[in-house]
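The values are calculated or read from the model by the stated rules, or taken from the named source; none is laboratory data. Predicted, not measured: the structure shown is a model, and the values here were computed from it. Ideal geometry is used to build each Cβ from the backbone, glycine not excepted, and the neighbour counts take in all protein chains shown.
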Amino acid sequence: MKNTTKNYIARGRQVGNLDIVAFTVSLDSLTEIAHEYNGKMYVSFEIARLKEPDANKKTHTLYQLVKGETVQEEAEQKPTGKKGKK
């Protein structure tokens with residue numbers, strides 16, 4: 001996509017063989033990317049499968065598209081949210 005960049009928020013992992021991906025995202029991270037529309041606050045993001053699981057067995061990434069810049073490769077980006085322990 002032209003004129004957009006990906007703001008990486010967090011990584012999650014697929015739950016078993018189900019079509020469910022579990023993410024833990026800090027409220028601070030979501031507040032930073034929230035936008036207002038018709039008097040309400042929203043957070044828009046996209047979820048994509050990683051080519052292969054990372055060292056922590058995370059299988060998916062959560063990111064927000066930001067208009068006005070060029071798309072950067074995921075390998076160069078790290079999630080902006082802090083990792084939580086379960």
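What the table shows:
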{"item": "Top-ranked residue of region 1-19 - restricted to ones that are polar (S, T, N, Q) and touching a residue at least 24 places away in the same chain (Cβ under 8 Å), ranked as surrounded by the fewest Cβ atoms within 10 Å (Cβ to Cβ)", "result": "Asn3"}
{"item": "Long-range neighbours under 6 Å by Cβ, at least six apart or interchain, first residue in contact (Cβ under 8 Å) with a residue 12 or more places away in the chain and surrounded by 10 or more Cβ atoms within 10 Å (Cβ to Cβ) within region 20-49, second aromatic (Phe, Trp, Tyr) and assigned to a strand (DSSP E or B)", "result": "Glu46/Tyr63"}
{"item": "Failed item in (1) in a strand (DSSP E or B); (2) at pLDDT below 95; (3) of a type in the set (A, V, I, L, M, F, W, C), with Ala48 passing the rest", "result": "(2)"}
{"item": "Strands (runs of 3 or more DSSP E) contained in region 1-43 and holding at least 1 residues out of contact with any Asp or Glu (no Cβ under 9 Å at 6 or more places or on another chain) and among the hydrophobic types (A, V, I, L, M, F, W, C)", "result": "4-14, 40-42"}
